[in-house]
Every structure is written in structure tokens, then in C-alpha cells.
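The values are calculated or read from the model by the stated rules, or taken from the named source; none is laboratory data. Computed from a predicted model, the values in this text were never measured in an experiment. FYI the Cβ positions are ideal-geometry reconstructions off the backbone, even for glycines, and counts take in every protein chain you see.
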Amino acid sequence: DGGITQSPKYLFRKEGQNVTLSCEQNLNHDAMYWYRQDPGQGLRLIYYSQIVNDFQKGDIAEGYSVSREKKESFPLTVTSAQKNPTAFYLCASATTGGVGKLFFGSGTQLSVL
Amino acid sequence: KNEVEQSPQNLTAQEGEFITINCSYSVGISALHWLQQHPGGGIVSLFMLSSGKKKHGRLIATINIQEKHSSLHITASHPRDSAVYICAVRWGTGNQFYFGTGTSLTVIP
């Protein structure tokens, strides 16, 4: 079955450490997104990509980096510059054009040790 | 930027009750999505609407384009409907989505 796979489900980061969250989709979607979810807040866009080798910053990109070397993969790195990384991270993908079907991964909970 | 507002923020219902969750947005859109997030975090898409009304089982979603408003109805609510329901909009030819803050629904047996 087609879908989006995020890993790991739980991740712990030590101070000063970079960590990478994985997101893989086999839906053949061009557009992929990373969102951050904090308790009581709506989803906030970190980065998005509409095509391979291209991506744009979202509303809260500082302290994060991404790459899009393959259509299927859109990993997110939480760098040491992100001072408040504890949150739930969701990866999504969508068809482009038209009304756009939206699919989500199961999420990664990142906590700081 | 499209502002998306949902109401109510929290909702508690008795099993069997009819439930309505509302979503309003500020700019004309190409599509509106209703999403469901269960404890544990994964989000699933319930409906995608650009006009009119859709029904799936006990769930009904409607949209009024002129009034920039959508509703999600749950008939004969059940404890397994307990979740956070999120409204998301997409407009024009852009590929960005904007999300409401969600409605937390608890259905009591």
C-alpha cells in the first residue's frame, strides 16, 4: 500500500547535537512538507519542497535544514541552533495542482535529554 | 496568508449525540480538508472538499464557498470518535496548506 513512513517514532537529542528525522513516501507525490506541532497550537510549516532539488523555508525554518535529492525522500535535520526542539514533527505529502490530496506520516516525537 | 479558525476548541458529548465542528477561513480557497488526529499523533484525511457536501459513514462535511465556512458533522457519535479534528485549507495554485488549531472531541459512553 502507498503511504508515508516516518522514523524514528521517538528521538532524543543531546545538547549541541544534530539529529535527522526520516520521511519516505511511495505515493509519487511531488510536494512534501515538514510541520511542527506543539501542544495547543496548530501545525506550523518548517520547510516544503515542490520538486526534487528544490525546497522553500516555511514559517519556522530557523534551526532546521532539509534536502530533497530523491522524489521519495525528504529528511529533516534539527540542528544545534534550534534551541527549543522538543515537539511532535509531522511529514506530509500532496499532489500538486488541482485540489491536492494530503497525506501524513505517523510523526516523530523529539525530546531533549 | 489565509487565517483558519475552528470552533469549538474543545467539545465533550454523550455517546449518540449529533456533533458539529465549524471552520472559517479568510481568503477564497481551492480546497478544504478535514483531518483526524488520534492520541499517538498520526493524522488521517477524512474529507477533501471544494464545493457542496460529502458523506462517509456517520461523517458529513459541508462547505459554503460564498460564506467561507465549512462544517464537519458526526451523527450517532461513539467513543471511538474521540480525537482532534483539524481543518486545513489550500488556495489558488499554491501548494501550501494552512491549518486551524484543531477541535478536541471527547465522546463519553
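Tell me, yes or no, whether segment A:84-107 has at least one residue that is out of contact with any strand residue (DSSP E or B) (no Cβ under 6 Å at 6 or more places or on another chain) and among the β-branched types (Val, Ile, Thr).
Taking every residue of segment A:84-107 in turn, at least one turns out to be out of contact with any strand residue (DSSP E or B) (no Cβ under 6 Å at 6 or more places or on another chain) and among the β-branched types (Val, Ile, Thr).
Pull up segment A:46-66, narrow it to residues that are touching a residue at least 24 places away in the same chain (Cβ under 8 Å) and part of a strand (DSSP E or B), then point me to the one that is nearest to residue A:82 (Cα to Cα).
A:64
Name the residues in segment B:65-98 that are hydroxyl-bearing (Ser, Thr, Tyr) and under 22 Å from residue B:52 (Cα atoms), would you?
B:70, B:71, B:75, B:85, B:93, B:98
Consider segment A:31-44. How many of its residues are buried (at least 17 other Cβ atoms within 10 Å of the Cβ) and either out of contact with any Leu (no Cβ under 7 Å at 6 or more places or on another chain) or assigned to a strand (DSSP E or B) (or both)?
So the answer is 8.
Return the residues of segment B:81-101 that are at pLDDT 95 or above and either of a type outside the set (A, V, I, L, M, F, W, C) or in contact with a His (Cβ under 6 Å, 6 or more places away or on another chain) (or both); say none if nothing qualifies. Give the steps one after another, and end with the answer.
First, pick out the residues of segment B:81-101 that are at pLDDT 95 or above: B:81-87.
Once the filter is applied, which keeps residues that are at pLDDT 95 or above and either of a type outside the set (A, V, I, L, M, F, W, C) or in contact with a His (Cβ under 6 Å, 6 or more places away or on another chain) (or both), segment B:81-101 yields B:81, B:82, B:83, B:85.
Quick check on residue A:106: is it part of a loop (DSSP other than H, G, I, E, B), within 11 Å of chain B (Cβ to nearest Cβ) and small (Gly, Ala, Ser)?
Considered against the rule, which asks whether it is part of a loop (DSSP other than H, G, I, E, B), within 11 Å of chain B (Cβ to nearest Cβ) and small (Gly, Ala, Ser), residue A:106 comes out as yes.
Under the condition of being over 19 Å from residue B:100 (Cβ atoms) and within 11 Å of another protein chain (Cβ to nearest Cβ), which residue from segment B:32-67 is surrounded by the fewest Cβ atoms within 10 Å (Cβ to Cβ)?
B:40
Please verify whether segment B:70-80 includes one or more residues that are of a type in the set (Val, Ile, Thr), at the interface with chain A (Cβ under 8 Å from one of its Cβ atoms) and buried (at least 17 other Cβ atoms within 10 Å of the Cβ).
No, segment B:70-80 has no match at all.
Tally time: how many residues in segment A:67-81 are surrounded by fewer than 20 Cβ atoms within 10 Å (Cβ to Cβ) and in a strand (DSSP E or B)?
3
Out of all the residues in segment A:82-95, is one or more under 22 Å from residue B:44 (Cβ atoms), facing chain B (nearest Cβ under 10 Å) and in a loop (DSSP other than H, G, I, E, B)?
Yes, that holds for at least one residue.
Of the conditions (1) within 14 Å of the chain's Cα centre (by Cα); (2) farther than 13 Å from residue B:27 by Cα; (3) more than 9 Å from chain A (Cβ to nearest Cβ); (4) buried (at least 18 other Cβ atoms within 10 Å of the Cβ), residue B:89 satisfies every one except a single condition; which number is it?
Residue B:89 satisfies every listed condition except (2).
Can you tell me which of A:47, A:64 is more than 13 Å from chain B (Cβ to nearest Cβ), hydroxyl-bearing (Ser, Thr, Tyr) and surrounded by 17 or more Cβ atoms within 10 Å (Cβ to Cβ)?
Residue meeting the stated conditions: A:64.
Can you confirm whether segment B:12-31 contains a residue that is within 11 Å of chain A (Cβ to nearest Cβ), over 11 Å from the mean Cα position of the chain (by Cα) and among the aromatic types (Phe, Trp, Tyr)?
The answer is no, given that none of the residues of segment B:12-31 is within 11 Å of chain A (Cβ to nearest Cβ), over 11 Å from the mean Cα position of the chain (by Cα) and among the aromatic types (Phe, Trp, Tyr).
Answer with yes or no whether residue B:63 is farther than 19 Å from residue B:37 by Cα, modelled with pLDDT of 95 or more and under 12 Å from the mean Cα position of the chain (by Cα). Show your work before the answer.
Working: farther than 19 Å from residue B:37 by Cα: yes; modelled with pLDDT of 95 or more: yes; under 12 Å from the mean Cα position of the chain (by Cα): yes.
Here the answer is yes, as residue B:63 does meet what is asked.
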